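The values are calculated or read from the model by the stated rules, or taken from the named source; none is laboratory data. No experiment lies behind these values; they were computed from the predicted model shown. Here the Cβ positions follow ideal geometry from the backbone for every residue, glycine too, while neighbour counts run over all protein chains shown.
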Amino acid sequence: MRLLIKSIFIYFFIFQSYSLAYLDPGTGSNFVQIIIALLAGIGSFFGFYWRKTVIFIKNIGQKLKKNDKKKVEEDNNN
């Protein structure tokens, strides 16, 4: 993965061609803002579903413990 990133970096910065494009200072701040928004969105998405997943697993664990206790009680009664 690092080799790929280094290769892309070398390609874009060593083999530059003449360009007539102009990027004003506001464009850089827009790129930074987009990256921050993506990171915040990804973090909140995983945070939301992480909590739901943990609660789901805890509920399954509690149900299994209840079933185990019932089986032990039934075995003790027989």
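Selection of the stretch 1-41 for residues being over 24 Å from the mean Cα position of the chain (by Cα) and of a type in the set (Phe, Trp, Tyr) yields PHE9, TYR11, PHE12, PHE13, PHE15, TYR18, TYR22. ILE36: out of contact with any Leu (no Cβ under 7 Å at 6 or more places or on another chain), surrounded by 10 or more Cβ atoms within 10 Å (Cβ to Cβ), in a helix (DSSP H, G or I) and of a type in the set (Val, Ile, Thr), yes or no? It is true that ILE36 is out of contact with any Leu (no Cβ under 7 Å at 6 or more places or on another chain), surrounded by 10 or more Cβ atoms within 10 Å (Cβ to Cβ), in a helix (DSSP H, G or I) and of a type in the set (Val, Ile, Thr). Selection over the stretch 1-30 of residues that are assigned to a loop (DSSP other than H, G, I, E, B) and not acidic (Asp, Glu) gives a count of 10.
When you look at LYS70, is it of a type in the set (D, E, K, R), surrounded by 10 or more Cβ atoms within 10 Å (Cβ to Cβ) and modelled with pLDDT under 85, yes or no? It is true that LYS70 is of a type in the set (D, E, K, R), surrounded by 10 or more Cβ atoms within 10 Å (Cβ to Cβ) and modelled with pLDDT under 85.
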